[in-house]
Amino acid sequence: MTPKPPFTPVREVVETVHGVEIHDPYRWLEDTGSEEVRAWVAEQRAHTRAVLDAYPRRAELEERLREVLSGGALGPSWPRGGRRFFSRRTGSMEQAALYLVEDGQERLLVDPVELTGDSTGALDWYVPSEDGELVAAGISTGGEERSTIHLLRAATGDLLADRIPNCQWGTVAFEPGGESFLYTVYPPGEFYGQHVRRHRLGRPAAEDELVFQPADKTESPGPISVSPDGRWTAITCNRGWGESSLWLARVGGEPREVFRGQDESVHAWFSGDRLLALSNAGAPNWRCVVIDPERPQRASWLDLVPETEHVLLGVEASSDRLLVHHLVEACSWVSVHRLDGTFEGIVDLPPLGTVTGLGAHPSATEVFLTVETFTRPAFVLEVDPATGKFAARGGLEPPAGFDPAAYPVRQVRFSSRDGTSSVLFLVGRLEGEGPTLLTGYGGFNLPKTPLWSPAVVPFLEAGGLYAVAVLRGGSEYGEAWHRAGMLESKQNVFDDFQAAAEALLEHRHCRPSSLGILGRSNGGLLVGAALTQRPELFGAVVCQVPLLDMVRYERFRIAELWNREYGSASDPEAFRWLHAYSPYHQVRAEARYPPLLLLTGEDDARVDPSHAFKFAARMQAAHPESLTLLRVEERAGHGQGKPLTKLVPEEADIWAFLLQHLG
């Protein structure tokens, strides 16, 4: 028998939007800081805990997950000035710390937990100077991601007194000599208006001069790059995830716009004396070009790595070679080229893997690749660019008792509703029906590639099949693939996901009762839409930090930044498609829904927790016979920077829920 959920008062709000009557009985839950909403959350939290703690396998799963997640995490390696910088979390560490290797010796540079005295203290990002002498580290607490820049001297680990707040999702470019740098920052307390300032070491941040301010508050500058001689500064300015502009400034001069994409993007940086750029202007699968700052017009760009049939993800230059990273069927493929772009060979990477970091620098010969697969955690390869051969330079080990060879990985193809073909990765069980978990993302030009997800290990060990769908809206097959899953075409993403589910059922990997789905953020919207559109396909749904009210989404936090991806409900045409798939507005009284677990963080800086609050309330009221649980994490955000002591119980709740309901 399904436990009775807490009572949620109905306070009907009815309004007409573009001729459509909208009922919003739980709008009062949008006031997430009020005492009344906090009391409601506490009741929901108690209800959820009572249900999840009663699952018989939860304690066992938590113990195994503690072992698995203690295996740690490893970030990319970046060579600078004879040093190699990387982040790593191991053992019982709450958060990843920043390390460097110099003369073959590894040492800790900064531990954010020790620095802040807070287990939620997180290293959000970091940037070493070109000579490797200084490091700017963005550190935040409570999952809020509002990074404060701290400066460290690499040689000694000394922390400078300089502090610059409000630098979430930051970009830093050190100027020659290392006594100043450019950085991106937000106005205090604001979610929009990111701009570029110059900081001089030892000066108060309040005195930092303004360098560049986009005219549109929703545009975001970055990356920023300064030429080695300091004569030029290049600033990329992004409008959503599908177009950008390029600005150049001479030393002492004002930035001027030299390229503005219309549904096209460019991302520029100085590599030694050359200004390189990745662009999809006239090249939907992207190309790498050389831009002359004296003649920066698009007609003068020179191809360094031309567009191919595969998507170009990145180019890095060492002192004598280029390393070029493509996606081939959603997997990494790295090639070696001369500095003039001439192809020389490929790097023999593990199949069905992802290069999560390609670290090189024009002042160094060595190149470091950080690689992971579905069944192998991150490891580092030092590549000899002249030969394409590599040597292992450490990494993480699989968890004790986990044999990667016992869980085969393969790719299969499936067709969507309109005949579009895509890829589905399958990990684990080769035959027979059983618990199966399908996940995906499908948005914001982000690829879904093979990655190590340690929390999946207990599910695989329990005989589960893990399935990852490549969906339109991502970058796996170029800009056209991205645009086929955004704005008025967003329903394609949901159709793709539902077709992947049908393929799993058709090939008898599972039954609907044993097929679960999981998604987070934009992926939370994905599973929310799948739940409300095709509930009969699924046996359980996990929906993390989701967008679910697509009629009002842009009113909260940073969500106006997403208008170019989803559309704005203020536009009558966009409202029609947003309302048509908005999960909160598509809960049907006559439908039968599978068990649902919603998760959010009370301090999420990206997606407002009221999405999960309102959807939970509506589902519980409309279908009290169906299980809907709401898990709200205190002092947590969108997921970044979550300490191990919060991560382990959260994952235990997720997998206990799935295994309880999928069999």
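Nothing in this text is a laboratory measurement; each read-out follows from the coordinates by a stated rule. If you're wondering where the values come from, they're calculated on a predicted model, not measured in any experiment. Every residue, glycine among them, receives a Cβ derived from its backbone with ideal geometry; neighbour counts consider all protein chains shown.
In loop segments of region 511-620 as defined by DSSP, the trypsin sites (Lys or Arg not before Pro) with at most 12 further C-beta atoms inside 10 Å of their C-beta are Arg588, Arg592. A simple spin-label model places pseudo-atoms 7 Å from Cα toward Cβ; at Thr156 and Asp571 they are separated by 5.5 nm. In a fully extended conformation the segment linking Leu115 and Asp303 would gain 63.2 nm over its present Cα-Cα distance, using 0.36 nm per residue. Our helix-only sum for the chain, with -39,500 (n - 2.57) per DSSP H run of n ≥ 4 divided by its residues, gives a mean residue ellipticity at 222 nm of -5500 deg cm²/dmol.
Working note: Debye formula, equal point scatterers on the alpha-carbon atoms of region 310-396, no solvent; log10 I(q)/I(0) at q = 0.10, 0.16, 0.25, 0.26 Å⁻¹ is -0.21, -0.55, -1.33, -1.41.
At most 16 other Cβ atoms within 10 Å and a DSSP loop assignment: could you name the GluC sites (Glu not before Pro) in region 76-166 that fit? Display every interim value, and only then the final one.
Working: sites: Glu94, Glu102, Glu106, Glu114, Glu130, Glu133, Glu144, Glu145; in loops: Glu94, Glu130, Glu133, Glu144, Glu145.
Of the GluC sites (Glu not before Pro), the ones in loops of region 76-166 whose Cβ has at most 16 other Cβ atoms within 10 Å are Glu133.
Pairs of alpha carbons in region 218-307 separated by more than 20 Å make up 27% of all such pairs. P(r) tail, region 1-149: Cα-Cα pairs separated by more than 20 Å, 69% of all pairs. Simple spin-label estimate for Asp340 and Glu634 gives 6.6 nm between the two label positions (7 Å along the Cα-to-Cβ direction from each Cα).
Any chance you could list P(r) for region 72-213, counting all Cα-Cα pairs in 5 angstrom bins from zero, rounded to whole %? Reading the bins upward from 0: 2, 10, 20, 24, 20, 15, 7, 2, 0. At a Förster radius of 22 Å, what calculated FRET efficiency corresponds to the Cβ-Cβ distance of Ala59 and Glu397, to the nearest 0.05? With a Förster radius of 22 Å, E is 0.30.
Cβ crowding within 10 Å, taken as a proxy for footprinting-reagent exposure, orders Met486, Met93, Met1 from fewest neighbours to most as Met1, Met93, Met486. Listed by chain and number, the lysines whose C-alpha is less than 19 Å from the C-alpha of Lys490, apart from same-chain residues fewer than 8 away, are Lys448.
Can you pull the Rg over Rh of region 514-658, Cα-only, Kirkwood? Taking Rg over the Kirkwood Rh, I get 0.96.
Annotation: lysines with alpha-carbon distance below 21 angstrom to Lys614 (same-chain offsets under eight excluded): Lys4.
The calculated FRET efficiency for Glu36 paired with Glu67, based on their beta-carbon distance and R0 = 35 Å, is about 0.30. Residues whose amide H lies under 5 Å from that of Gly222, counting only those 5 or more places away or on a different chain, are Thr236, Cys237, Asn238; hydrogens are built 1.01 Å from N in the peptide plane.
Calculated FRET efficiency, Ala406 and Asp131, Cβ-Cβ r, R0 51 Å, to nearest 0.05? Walk me through the numbers on the way to the answer.
Numbers: r = 47 Å, r/R0 = 0.91.
Once the sixth-power term is evaluated, E becomes 0.65.
Based on the reciprocal of the average 1/r between different C-alpha atoms, the Kirkwood radius for the chain equals 25.9 Å. With the simple model of a label 7 Å out from the Cα in the direction of the Cβ, Val10 to Val251 spans 7.0 nm. Working note: Debye formula, equal point scatterers on the alpha-carbon atoms of region 594-663, no solvent; log10 I(q)/I(0) at q = 0.18, 0.20, 0.26 Å⁻¹ is -0.75, -0.89, -1.17. Just the number, please: percent antiparallel of the DSSP beta bridges in the chain, rounded to the nearest 5. Restricted to the chain, the bridges split so that about 85 percent are antiparallel.
Here is the list for region 248-355: trypsin sites (Lys or Arg not before Pro) lying in DSSP coil, each with at most 14 other C-beta atoms within 10 angstrom of its C-beta, are Arg338. Relative protection proxy for 652-658, 23-29, from highest mean packing down: 652-658, 23-29 (other beta-carbon atoms within 10 angstrom).
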